[in-house]
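Dumping the structure here so I can ask a few things about it.
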Amino acid sequence: MNTRPLGETGHDSSLMTFGAIALNWLEQEGADQMVELVLDRGVNHFDVAPSYGDAEVKLGPKLRQHREDIFLGCKTQEREYEGAKRKLEQSLNRLGVEKIDLYQIHGLEYEHELETITGDGGALEAFRDAKAEGLIDHIGLTSHGDPQLILDALDRIDDLATVMFPLNPVVVGKDGDEYDYKAVLERATQLGVGTLGIKAFAKGSWPPTDELPERDRPYSNWYEPVDTPAEIEERFDFAASQGMTSVINPGDPKLVAMVLDAAKRYDGMTEAAQRSLIERLRHEQSPVPEQLHH
Amino acid sequence: MNGSGLECDIDVPETVTTALADRPVAGSVCLEAGAGVGNTTAGLLEAGAARVYAVTNDSEHAKLAHERVVRDNGNRAVVLEADLRCLPLATDSVALITAHGLFNVLPPASLETVATELTRVATPGCHLVIDDYEPLPPNAAVRDLFALENAAAELVTGRPALTFYPAAVLRRLFVGHGWEFDREQTLLDPVPWTENHLESHAAVTRAMASNVSTALEASITEAADNLVRTIGSESVGEMYSLALRLPG
């Protein structure tokens, strides 16, 4: 699998990052096999979080066995110093490793959180102390939130090494600042910040629970994912061709092998094909009264 | 691509923004020939057009384009319900003309008159952008639906509903009217013909068929329904953008 430089970290990340939340739905033996599979296909960047059930614990054994081959990302939803410090210690403990390569602010959503994180006694202080102690190497941020907020964070946190955010043809096809994750990609790239893509495989929301109860959903993702090899491939190709450093698999373990296959075979996507995909999904999403043309 | 110059909630299609990206839209008086439901008009306004004349001969389209785009941008855009062969615009009055998905609905017999009329209203130095479809490859399934639509249209109106002109043909047409070729690019490859597109074409076919004999109507309608069902959707063909310029 090809790699790209992860911003200015000095690490070259595989085109696919393994979202280890997938391990949460597997027994230990299956989890071990999954890690072997993604390593065998050339993935060298893993991402996990304490909020992913027991994924950290299940990742542990194989992570320790292959520690040198894995660039490990982890994250915390804590916004203040003490909480972040405690969560980092807990993750190191549960993963059973000495160091996390990339530690990220997880799921930034509101402006006031950014104030807390960057302020005195905020989580970033704890991150920086941990970096000085050698417990982490790089600082990152993840968000499904407002692109303007992520842009703001990029401006305000000058030691940010990576940023993780949604990018798929549906959001690229929409105008309006609330969908403008392309602006985040452009700014991050300018700043030399590595870019990690999530929601690349999102198809849409699940039907309302009175139509399809949560327990009857065929995938564990909180959104409905695309799930055929052709769709997975075009979604992967789209995200990678936009210039994201690396694209993260959807969380359900049943989909991981298809994403690995797409990532391994990636060889670019023409701009006309990118527009073709945007156009197709645009029309499926919001039919205008008459659609004879594009 | 966030609309600084546009007061409406339309997501301007990528095909439109791509075709306009290298054209001097800002500050120009523009003519959108074949306005459809207003998507290109929205793109022109977003790109800073000084004024847009959105021309369509379809009163339903005129109403939709007005409601979706023009109403809230009242000083900068106007919908003209008019025939492209006889525009209610002065000679040498527009600096940029767009024809986004227009030519495929023009029958061959209209090409010359429309080209003459567009050239008449164009100022010296005017830009022309033609976005349309290359003929579909022989194995494309959607060809069968378009063939049915054309057959029904020919029976009822004596004209085809759709003709996919190669970019080279339209280029030569306008070069013959004094325009100079500027550039060609591929907007879509493949072209995504979605279920909604197919259903829209089937609807046109059924509407045409309602004007022929009852027996023929039934068989055309059944054939259209079958094609929509069996094809579903198909990504095939190419949409191009052609840009030309008048000397001066």
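Amide H of B:V52: which non-local residues (sequence gap of 5 or more, or other chain) have their own amide H closer than 5 Å, using H built in the peptide plane?
Here B:C30, B:A77, B:V78 satisfy the definition.
Oh, and also: Please list, ordered by chain and number, the residues whose modelled amide H lies under 5 Å from the amide H of B:T98; skip anything fewer than 5 residues away on the same chain.
B:L31, B:E32, B:A33, B:V129
Turning to a different aspect of this structure: What ³J(HN,Hα) values, in whole Hz, does the Karplus curve 6.51 cos²θ - 1.76 cosθ + 1.60 give for segment A:107-120 when θ = phi - 60°, with x put for Gly and Pro?
x, 4, 10, 10, 4, 5, 5, 4, 4, 4, 4, 8, x, 4
Which far-off residues, 5 or more places away or on another chain, put their amide H under 5 Å from the one on A:I100, with H placed in the peptide plane?
HN-HN under 5 Å from A:I100: A:I136, A:D137.
Count the lysine pairs in the protein assembly as shown whose Cα atoms lie under 21 Å apart, taking only pairs 8 or more positions apart in sequence or on different chains.
26
Just to confirm a number: summing +1 for Lys and Arg and -1 for Asp and Glu over residues other than A:E125 whose beta-carbon lies under 13 angstrom from that of A:E125, what do you get?
Residues near A:E125 contribute -3 overall.
If you don't mind, another one. Is segment A:1-106 best put as rounded, prolate or oblate by its Cα gyration tensor, with a ≥ b ≥ c the root eigenvalues, rounded for a/c under 1.5, and otherwise prolate when a/b is larger than b/c, oblate when not?
Note, shape of segment A:1-106 comes out oblate.
Follow-up question, since we're still on this one. Testing the spin-label approximation: label points 7 Å from Cα along Cα→Cβ at A:D40 and B:R120. State their distance in nm.
Label-label distance for A:D40 and B:R120, simple model: 7.3 nm.
Would you mind ranking A:I139, A:I248 by Cβ crowding within 10 Å, fewest neighbours first?
Starting with the residue having the fewest Cβ neighbours, the order is A:I139, A:I248.
In segment A:38-61, whose amide N lies under 18 Å from the spot 7 Å out along Cα-to-Cβ of A:E29? List them in ranges.
Residues A:58-59, A:61 qualify, since their backbone N sits under 18 Å from the label point.
Restricting to Cα pairs below 8 Å that are 6+ residues apart, what does the relative contact order work out to for chain A? Please round to a whole percent.
19 percent
Next up: Tell me, what ³J(HN,Hα) does each residue in segment B:150-160 have, in order and in whole Hz, if you take phi through Karplus 6.51 cos²θ - 1.76 cosθ + 1.60 with θ = phi - 60° and put x for Gly and Pro?
5, 4, 4, 5, 4, 4, 8, 10, x, 9, x
In whole percent, what relative contact order does segment B:115-192 give with Cα contacts below 8 Å and a gap of six or more residues? Please list the in-between numbers first.
On the way: 38 pairs, mean separation 24.7, N = 78.
That works out to 32 percent.
Still on this structure: Sorting B:T123, B:T15, B:T157 on the 10 Å Cβ count, fewest up front, what's the list?
On the way: B:T123 16, B:T15 27, B:T157 12.
The fewest-first ordering by Cβ neighbours comes to B:T157, B:T123, B:T15.
What are the ³J(HN,Hα) values, in whole Hz, obtained from phi via the Karplus relation 6.51 cos²θ - 1.76 cosθ + 1.60 with θ = phi - 60°, for each residue of segment B:100-110 in sequence order, with x given for Gly and Pro?
Once θ is set to phi - 60°, the couplings for segment B:100-110 become 9, x, 8, 4, 5, 9, 8, x, x, 5, 8 Hz.
Just want to confirm a number: the relative contact order over chain B, from Cα pairs under 8 angstrom separated by 6+ residues, in percent.
Numbers: 502 pairs, mean separation 47.0, N = 248.
Relative contact order for chain B comes out at 19 percent.
Quote the charge dipole size of the protein assembly as shown about the Cα centre in Debye, to the nearest 20; the model charges only the Cβ of Lys and Arg (+1) and of Asp and Glu (-1).
880 debye
List A:S13, B:S233, A:S205 from most exposed to least, where exposure is judged by having the fewest other Cβ atoms within 10 Å.
Least to most surrounded, the residues fall as A:S205, B:S233, A:S13.
Farthest toward the dipole's positive end in the protein assembly as shown, which of A:W222, B:T214, B:T163, given Cβ charges of +1 (Lys, Arg) and -1 (Asp, Glu) about the Cα centre?
B:T163
At 7 Å along the Cα-to-beta-carbon direction for both B:T230 and B:V212, put a label point, then send me their distance in nm to one decimal.
1.7 nm
Under a Cβ-Cβ cut-off of 12 Å, what is the net charge of the residues other than B:R23 that fall near it, where Lys and Arg count +1 and Asp and Glu count -1?
So the surrounding residues net to -1.
We did not get these values from a lab; they are worked out from the coordinates using the rules stated. Model, not experiment: these values are computed from the prediction. All Cβ positions, even for glycine, are placed from backbone atoms using ideal geometry, and neighbour counts span all protein chains on display.
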